[in-house]
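Here's the structure, in structure tokens; my notes come after.
The values are calculated or read from the model by the stated rules, or taken from the named source; none is laboratory data. Worth saying up front: this structure is predicted, and the values here are computed from it rather than measured. Every residue, glycine as well, gets a Cβ built from its backbone with ideal geometry; the counts of neighbours run over all protein chains shown.
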Amino acid sequence: MRSVAVVALFIALPLMANAQDKGTVVDVGGFKATTPADWKKEKPSNLLRSFQFRLPEVKDLPGSEVIVSPESPSAEKSFPRWKTQFVPPEGKTLEDVAKTSKWDVKGATVSVLDVSGTWKYKERPQDPTSKEMLLDNYRVVWVIVAEKDGSATYIRMSGPQTSVDAQFKGFEAWVKALK
């Protein structure tokens, strides 16, 4: 009987590992996509986040983070404010280091703001008592998925520029896979 249990365990372990290697299905305002398998799902650090992920470390730098928030921001109002959270590298302007793009998915418009430089990070950006930290060589990619009914979901990928650079293709593919 013991040998049957051992055989069953050897069969079950790879199946369990494969289930874990598939990523997490994330619902973004009714649109769904599965994250890359190497994104580690975390408990959201506050009630304004519906999902939070830690991405792998790169070159001994902290891994980047992806958060999903069911807020309803608009790109027109949020992007200018989010840009001002950055100090561009010497000799460059905010316009040099901030890129925007937009595309449509069935039933929604996806707007993207991608900024690099020194991030004037505040854990609670709207709270005047929240302490500002200067994070050098950071990159933040903000995404707003605006549905045709007027609701929106906000996604942010942030971390040291090298870490975000290494994970960006997977992040972009995940966002573009929303259906």
Seminar exercise, completed: Picking from 105, 68, 140, 115, the residue that is touching a helix residue (DSSP H, G or I) at 6+ places or on another chain (Cβ under 8 Å) and under 18 Å from residue 27 (Cβ atoms) would be 105
Exercise. Would you say residue 69 is crowded, with 17+ Cβ neighbours inside 10 Å and touching a residue at least 24 places away in the same chain (Cβ under 8 Å)?
Worked result: yes
For this session: With respect to residue 91, determine if the residue is at positive phi, touching a helix residue (DSSP H, G or I) at 6+ places or on another chain (Cβ under 8 Å) and modelled with pLDDT of 90 or more.
Result: no
For this session: Would you check if there is a residue in the range 141-155 being over 23 Å from residue 174 (Cβ atoms), in contact with an Asp or Glu (Cβ under 8 Å, 6 or more places away or on another chain) and of a type in the set (Val, Ile, Thr)?
Result: no
Exercise. If you check 103, 39, which single one turns out to be at pLDDT 95 or above, hydrophobic (A, V, I, L, M, F, W, C) and closer than 27 Å to residue 151 by Cβ?
Worked result: 39
Exercise. Would a scan of the range 109-123 turn up a residue that is loosely packed, with under 15 Cβ neighbours inside 10 Å and either more than 24 Å from residue 39 (Cβ to Cβ) or touching a residue at least 40 places away in the same chain (Cβ under 8 Å) (or both)?
Worked result: no
